[in-house]
1. Regarding D487, is this residue assigned to a loop (DSSP other than H, G, I, E, B), closer than 28 Å to Y146 by Cα and open to solvent by 20 Å² or more (accessible area, probe 1.4 Å)?
2. For the stretch 619-636, name all the residues that are open to solvent by 50 Å² or more (accessible area, probe 1.4 Å) and either part of a helix (DSSP H, G or I) or in contact (Cβ under 8 Å) with a residue 12 or more places away in the chain (or both).
3. Does E502 qualify as being open to solvent by 60 Å² or more (accessible area, probe 1.4 Å), in contact with a strand residue (DSSP E or B) (Cβ under 8 Å, 6 or more places away or on another chain), modelled with pLDDT of 90 or more and closer than 28 Å to R301 by Cα?
4. Do we find a residue being touching an Asp or Glu at 6+ places or on another chain (Cβ under 6 Å), surrounded by 13 or more Cβ atoms within 10 Å (Cβ to Cβ) and modelled with pLDDT of 85 or more anywhere in the stretch 460-476?
5. Does the stretch 249-280 hold any residues that are of a type in the set (A, V, I, L, M) and either closer than 30 Å to Q385 by Cα or more than 11 Å from the chain's Cα centre (by Cα) (or both), and which are they?
6. In the stretch 553-572, which residue that is in a helix (DSSP H, G or I), within 25 Å of F297 (Cα to Cα) and open to solvent by 10 Å² or more (accessible area, probe 1.4 Å) is modelled with the lowest pLDDT?
7. Identify all residues within the stretch 519-537 that are part of a helix (DSSP H, G or I), buried (at least 18 other Cβ atoms within 10 Å of the Cβ) and in contact with a helix residue (DSSP H, G or I) (Cβ under 8 Å, 6 or more places away or on another chain); write none if there are none.
8. So, T157, is that one open to solvent by 20 Å² or more (accessible area, probe 1.4 Å) and out of contact with any Cys (no Cβ under 6 Å at 6 or more places or on another chain) or not?
Amino acid sequence: MIWFKRLRLRSKRTSFTNNLEYLGEDFIQRVTKAARKETWGRTVIQLAWTAGPVTYLALQGGYLLGYGQSAPSNLFIYFAIYTIIAGVFAILMRFLYQITRGQELEKAEASLSQALVRLPDLIFFARNQTLLYYDEENRTLLAAKYLLENPDAVTETVRAAVQDVTGDSVLAQAAQRIEIFRKNGLYARIEDERAHIADRLAKAIEQVTPASSTVAELLQQRFTGRPPSKQSGRTRTEGFIGRVLAAGEEHDFDAMTLNDAEEIFTVAYELLAGRNIPVFSLHYIGSKEFTEASENFDRARLSFRKAAYLRNSRLRTLAELFAESEPVDIVPAAAPVFTTVERMYANILRALDQLYKDLKKQTSHMPFQRRKRHSSQELRSKFEQLHTAIELHRSLRVANNQLHKRYAALVRSEKKYNEVKANSAKQFPLQLVKRREHKRGIKIVEKHIELSKSSKLRCARQVQKRINTLDHTPQPQAEAYKQLAIDIAMTLERDLKISRFETQYAIESSNAPYLSSIELDMTAATKAGIAVALVHEVQKNISTPIQRLAHILVNYHGMPLNQESIDYLVENYGADPNRLVQLLPDQESIGTGSEHDTDKSTEMISDAAIQPSVPSRPPHLLEINRLDKKYQELIDYAVRMHIL
């Protein structure tokens, strides 16, 4: 709350923009000041105090105790001069140190300020490059998503976004009116307006959902007078850290997307602005046998989740490759999480077959004499797309096979865990152990992912250095932004070890702040101020990971949740009591809360997999077979004909 108290103190005498500038400047000064030493004035006072009263009192006291009389004045003068000479040498050494150290801190302060200014610009540029990747129809949908998820969007912006995504001027006008009513607190009029367009809205949402369930949800929120919450933030794109690191390791820009680059820029922006991401885990206190079984169970669940992330990343890359194909009706950049992996994979196979038929038709109609000399860039690009698709499908199949193995290991681990739990029920009570309690049970352990103050300055220097390199690149293309994202990810890797899956999962599970409130023409201090305000607002929301942990305790470990435990989670972690109440034993949701039949996210996929009752093949475990040989034969033909 300290940031907002400072804003309130100034709000009576300054404008909102000036408040943000003050907040940004204050944040940067607080970070850099932490690395500075004491002031020169205090140093001189300390020296005078030591050489004078301290030396005199210490000398007189020691001499009196040792010899029974006061010390002579010449002895005091000797020790005083000795202290002064030693102090002067210390000051000189400190002066030499501060010459270099002070300049270093000034540069670090400038780098932090510039990084907080330039990273939002890079996010906007990456978004624009992402839009250029798609055709006009998909570009319109993705741009509307960016506009609709801005909590501070003006009424005209909301109207333009709804018009673009639905093509219905009546809905666009209604959206603008609803936004006007919301800003004035006239919620009764919102209900009136919504009633008039209910049928139109339902039809529009039904049409948008296949392309992006996120945009459909944003539409639903806007038409009920509920804009995106700054505190809740937005869902991050699943698996982006792994894809960016893999692209850097393999020197393959096709392994990542510009949307992944945007997510890396956002994470770096948050961490430099002071973002603190909590990580919650479970610690078992009890018998050795049960503790080992529980920890093995959690490791198996984590391994399965990691395999699911890798498989879904491969699937997303294939979907991006066929984003312009008619069978693939989703816009990957507008879908942070794939909701139906089976449907997505089936659409990708149809798109692959469509590309094959198109190439087969073009090459069969090509005169034989021209085949060897044919150099159509469009045809060559299509063959390259087919070749890339074959390689990606091969890696997807390997990742999916690994997911099946992890699932089998998870089932075995669950069986062992349930057996040990049944035998150790009396010795190991399944109960939530609170802080500072020392008894058997399960305790919640909290850790944090954040940059220390010195790490912020070091990372800011590295980030600004990479950005300067980009600035000197004439007309940077998509590859330049991807390379910058890889460099920033490697910088974060040195301080936070983001290559570890536990860290990746914690970051990607946390919601990102809505950065659409930032505008390109804002001043540097204002951008920094908004960064600090947005990050502070979104990081207060830790209820989502705690509720996920409560779900694990009840549905996977079989721990009965009582009202006392709910009160503890609400009071200490800000969990939503209404959602936790659904996990109480007298609720039907315990029996029907299994997520086997849905795959809305990797978290839901992985958690659903470890329910006691496991079907033969849950829907999220795809059956991926080898591709027909005809695809590779067509590629070989293109190579022989010098088309590829």
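1. Answer is no for this residue.
2. N625, R626, K629, K630, Q632, E633, D636
3. no
4. Yes; the residues of the stretch 460-476 include at least one that is touching an Asp or Glu at 6+ places or on another chain (Cβ under 6 Å), surrounded by 13 or more Cβ atoms within 10 Å (Cβ to Cβ) and modelled with pLDDT of 85 or more.
5. Of everything in the stretch 249-280, those that are of a type in the set (A, V, I, L, M) and either closer than 30 Å to Q385 by Cα or more than 11 Å from the chain's Cα centre (by Cα) (or both) turn out to be A255, M256, L258, A261, I264, L272, A273, V279.
6. So the residue we want is N555.
7. A525, T526, K527, A528, G529, I530, A531, V532, A533, L534, V535, H536
8. So T157 passes the test.
The values are calculated or read from the model by the stated rules, or taken from the named source; none is laboratory data. It should be emphasised that the depicted structure is a prediction, and the values quoted were computed from it without experimental measurement. Every residue, glycine as well, gets a Cβ built from its backbone with ideal geometry; the counts of neighbours run over all protein chains shown. The area values use the complete protein model at the heavy-atom level, side chains included, leaving out ligands, DNA and RNA. Shrake-Rupley method; radii C 1.70, N 1.55, O 1.52, S 1.80 Å.
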